[in-house]
Each structure stands twice: as structure tokens, then as C-alpha cells.
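All remarks here apply to the structure that follows.
The values are calculated or read from the model by the stated rules, or taken from the named source; none is laboratory data. Since this is a predicted model, take the numbers as computed values, not measurements. Positions of Cβ are generated from backbone atoms using ideal geometry, with glycine treated the same way; all protein chains shown enter the neighbour counts. Protein only, heavy atoms only, side chains kept; ligands, DNA and RNA dropped before computing areas. Shrake-Rupley method; radii C 1.70, N 1.55, O 1.52, S 1.80 Å.
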Amino acid sequence: MRLVLILILSSTLIFSSCASWNKTQKGAVVGTAAGGAMGAVIGRASGNTAMGAIIGAAVGGATGAVIGNQMDKQAEEIKKTVPDAKVERVGEGIVVEFSSNVLFAFDKSDLSADSKVNLQKLVTVLDNYPDTDIEVQGHTDSKGSVSYNQALSERRANAVSAYLDTKGISAGRLTIKGFGETAPKYENNTADGRTGNRRVEFMITANEKMKAEAAKEAGNS
């Protein structure tokens, strides 16, 4: 418990002390000072497991700042190209969130024609940035059994990942995780909250090639 409190306090101090910095600078500081433990705490506390994983995996320092600049450009392109998605820049990565209502019918895991249109828009941007890895995360609300929700979240993440693969996104870039009902972002005791918790998130991070090139650029600057 003491460790958790220290980590939360540390994150508060970091973000409050650098309020005037841009997102790239914040990402570099968090990556250097925080690491995996803080990322895990933040991710679970906020219900944003993608955000926690990105913070935990950050390179930090000058290399992280270079990666952050590239992610800024990609995030802006996704916002313009995929208006139905929620796009958030976090540290050295990007979280793209689709409500399940956009991708799936209620309690289903097969993609609709409209959902494929939205995913194709995302594929267009992902093709332009091949040196990134993509983790597809499925989430549900708390209605139904824990085991059923876990399986549903995995089926949905698999369906999305399989579609990306058929559209030319290399399987080597893709990983899949189902969280079921374990990481809610919103209250499950309201209809709107449950709708928000039924979601698929994409965690976009630098692959090893991008990290190596960013380290080289940082060293030459």
C-alpha cells in the first residue's frame, strides 16, 4: 500500500510540475522517472490499461522525446482520418478507443460492414507508420458472468486483429489481450457507463526499429 501511495504521489508531482510542458516533454520525463510499476498503477487506477502499458514501456530521455514527436504526427493523422475513434496521446504512444457500439452489435463479436469501414480508415494510417506495434485490447461492462465477459472481450479483440491482418497489417505487429470487465473506465451502475466500458482499444507503441533510429537521432542532435 505504501508503494502504491508513493507511486500515485510521484505521478501527481510529475504532472503538476510540468503542466506548461508539451506532450513530448512530459512523455520523456514520465518514461525516465516512472517505469513499469507506475504505469501499471496508473493504468489500473484509471481503467486505462493501454495508457498504463505505454507509460510502463517508455524509453524516456532524449530518445523518448524523438519517439514522442513521431507519435504526435501519427495521432493527429488518426484524429483527422478516423473521426469515430477517441485518440489520446500518452507518453511515447497512442491510445485509440472505439466504443463497441461502433464495431459490434450488442453481445456479438462479428464485425459489421460499418465497423469495417471505420477500421479500414485506421489501417490507412497504420500503413503509413510501419515501425509501430499494435496491441488490441477488448473490454466489456459488468453485466453477465466474469467468465463470459472475459471470453467475449477476447473474441472481439481477435476479430479486430484478424481484420487488420487481412488488410495487410503484419501479424508480427499485432498482439491481443482481453480484459473482460476487470478494467472499467466508467461506472457500471449506469447505462451510459456500461456503454462506455464496452470498448476496444488500440495501444500503439514504437517497435525496436523505431527505438533504435530514435536513439541514433537523439545522439546526433
- Query: Is it true that some residue in the stretch 139-149 is crowded, with 21+ Cβ neighbours inside 10 Å and over 19 Å from the mean Cα position of the chain (by Cα)?
  - Reply: yes
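Checking the structure you have, find out if any residue of the stretch 189-206 is open to solvent by 70 Å² or more (accessible area, probe 1.4 Å), part of a helix (DSSP H, G or I) and under 24 Å from residue 55 (Cβ atoms). Explain how you work it out, then say what you get.
Filtering the stretch 189-206 for residues open to solvent by 70 Å² or more (accessible area, probe 1.4 Å) gives 189, 192.
Next cut, part of a helix (DSSP H, G or I) only: 192.
Pick out the ones that are also under 24 Å from residue 55 (Cβ atoms) and you get none.
Within the stretch 189-206, not a single residue is open to solvent by 70 Å² or more (accessible area, probe 1.4 Å), part of a helix (DSSP H, G or I) and under 24 Å from residue 55 (Cβ atoms).
For the stretch 120-138, how many residues meet the condition of being among the polar types (S, T, N, Q) and either open to solvent by 10 Å² or more (accessible area, probe 1.4 Å) or farther than 17 Å from residue 95 by Cα (or both)? Don't jump to the end; show me each part of the working.
Start the filter on the stretch 120-138 by keeping residues that are among the polar types (S, T, N, Q), which leaves 120, 124, 128, 132, 137.
The next check asks that each one be either open to solvent by 10 Å² or more (accessible area, probe 1.4 Å) or farther than 17 Å from residue 95 by Cα (or both); those that pass are 120, 124, 128.
Result for the stretch 120-138: 3.
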- Item | Breaking point among (1) among the hydrophobic types (A, V, I, L, M, F, W, C); (2) open to solvent by 60 Å² or more (accessible area, probe 1.4 Å); (3) more than 14 Å from the chain's Cα centre (by Cα), for residue 176 | (3)
- Query: Identify, please: which residue in the stretch 170-204 is touching a helix residue (DSSP H, G or I) at 6+ places or on another chain (Cβ under 6 Å) and among the β-branched types (Val, Ile, Thr) and is, among those, nearest to residue 133 (Cα to Cα)?
  - Reply: 176
- Query: List the pairs whose first member sits in the stretch 138-167 and is farther than 14 Å from residue 98 by Cβ, whose second member is outside any helix (DSSP H, G or I) and among the aliphatic types (A, V, I, L, M), and whose Cβ atoms are under 6 Å apart, counting only residues at least 6 apart or on separate chains?
  - Reply: 158/176
- Query: In the set 12, 24, which member is open to solvent by less than 30 Å² (accessible area, probe 1.4 Å) and modelled with pLDDT under 55?
  - Reply: 24
